[in-house]
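Worksheet for the structure shown next.
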Amino acid sequence: MSLPETDNSPSAKENKTRSLKSNACVYLVGAGPGDPELLTVKAQRLIREADAVVYDRLVSEEIIAQIPAGVARIYVGKATGRHSLPQDEINQLLVKLAKGYRHIVRLKGGDPFIFGRGSEEAAVLTQNNVRFEIVPGITSAMACAAYAGIPLTHRGVADGVHIVTGHRQNDEGLELDLGAFSDSRCTLAVYMGLANLTPIVNAVLAAGRPASTPVAVIEKGTTPQQRRVVTDLAHLVVDTAAAGIAPPAMVVIGDVVNLAATLDWFEPAAEPIEQQSLSQM
């Protein structure tokens with residue numbers, strides 16, 4: 001049987017090139033809050049199958065260690081006031097990588113669609129006809145709270161959660177929804193709030209919550225270095241500074257924090273901090 005003839009015309013070559021490019025896919029993957037065992041099965045598989053991995057500052061070293069040898073690793077981490085690569089350049093980097101690699105993993109701490117700017121990257125990929133998939137990850141709010149013994153919701157205590165960012169792009173002033181803050185049956189989970197603790201406290205108090213409202217600050221949640229401060233709104237700023245809490249840290253505000261003493265289960269390698277204000281003793 002004779003083999004079919006190969007079409008080497010310019011149009012055929014163009015179609016072949018387009019077909020090869022269409023096989024490229026950028027996977028926007030949530031790496032979870034730090035504990036490598038909280039990676040989803042799909043996230044772990046994609047990391048092992050990747051041709052290139054673009055990763056953030058909050059992706060733990062244990063997860064980075066799972067990237068196979070020979071895979072291109074590109075660090076694009078950001079910290080407050082210090083970016084290794086501006087977001088616009090990260091967007092274009094993903095587009096460029098899709099022209100040279102088939103499986104690109106964009107690895108983000110937590111979940112890519114919760115303060116992870118994954119939607120911005122996905123929009124740019126769409127504009128450039130690059131195929132992508134979203135792989136959700138365990139977001140820091142629920143994971144850090146759970147590892148601190150705090151349920152974000154609890155029957156009879158809290159029947160909702162309000163997730164907010166405590167930091168805005170270019171250090172712009174916060175725009176906090178006082179109406180949402182006023183409901184005492186709604187837990188507040190604040191990402192990236194350490195630099196703005198005072199305005200956050202003032203906003204929550206202005207919304208009508210009492211100064212005695214319980215608060216927990218969880219540093220490096222789910223990792224062996226996890227530490228926590230349990231206090232109240234009145235003493236949050238002073239107690240957090242006294243404990244030397246540093247980013248990344250999650251702030252949880254609401255009556256569910258009172259359950260931490262009963263439900264505490266995680267034993268990190270570092271000794272946890274239990275900072276109690278005199279008013280609570």
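The values are calculated or read from the model by the stated rules, or taken from the named source; none is laboratory data. Because the structure is a prediction, the values reported are computed rather than measured. All Cβ positions, glycine included, derive from the backbone under ideal geometry; neighbour counts span all protein chains shown. Note: areas computed on protein heavy atoms with side chains; ligands, DNA, RNA excluded. Shrake-Rupley method; radii C 1.70, N 1.55, O 1.52, S 1.80 Å.
Using the basic label-point model (7 angstrom from Cα toward the beta carbon), what is the LEU205 to LYS96 distance in nanometres?
Result for the modelled spin labels: 4.9 nm.
Kirkwood Rh over alpha-carbon pairs of segment 129-253, then Stokes-Einstein at 10 °C and 1.306 mPa s: what D in µm² s⁻¹, rounded to an integer?
Values: Rh = 15.1 Å.
Translational D for this selection: 105 µm²/s.
Given the pairs LYS42/LYS220; LYS78/LYS108; LYS108/LYS220, which span a C-alpha to C-alpha distance of over 22 angstrom in this model? Don't skip to the answer; put the middle values down first.
Numbers: LYS42/LYS220 24 Å; LYS78/LYS108 11 Å; LYS108/LYS220 15 Å.
Flagged as over cut-off: LYS42/LYS220.
Which GluC sites (Glu not before Pro) from segment 163-239 combine a DSSP loop assignment with at most 13 other Cβ atoms within 10 Å? Mind showing how you got there, number by number?
Values: sites: GLU172, GLU175, GLU219; in loops: GLU172, GLU175.
When the GluC sites (Glu not before Pro) of segment 163-239 are filtered for loop state and at most 13 Cβ neighbours within 10 Å, GLU172, GLU175 remain.
Per-residue counts of other Cβ atoms within 10 Å, averaged by peptide: what ranking do you get for 228-238, 145-155, highest first?
On the way: 228-238: 21.5, 145-155: 19.5.
Top to bottom by mean Cβ count within 10 Å: 228-238, 145-155.
For segment 60-164, what does the accessible surface come to per residue with a 1.4 Å probe? Please give it in Å². Kindly include the intermediate steps, with their values, before the conclusion.
On the way: 5310 Å² over 105 residues.
Per-residue accessible area for segment 60-164 comes out at 51 Å².
Once you have the Cα-Cα distance between THR153 and GLN225, take 0.36 nm times their residue separation minus that, and quote the gain in nm to one decimal.
Details: separation 72, 0.36 × 72 = 25.92 nm, distance 2.53 nm.
Between THR153 and GLN225, full extension yields 23.4 nm more.
Relative contact order of segment 108-160, please, whole-number percent, based on alpha carbon pairs below 8 angstrom and at least 6 residues apart. Can you show the working numbers first?
On the way: 33 pairs, mean separation 15.7, N = 53.
Rounded, it is 30 percent for segment 108-160.
Stretch GLU37-VAL71 to full length: gain in nm at 0.36 nm per residue minus the Cα-Cα span?
Details: separation 34, 0.36 × 34 = 12.24 nm, distance 2.16 nm.
Gain on extension, GLU37 to VAL71, equals 10.1 nm.
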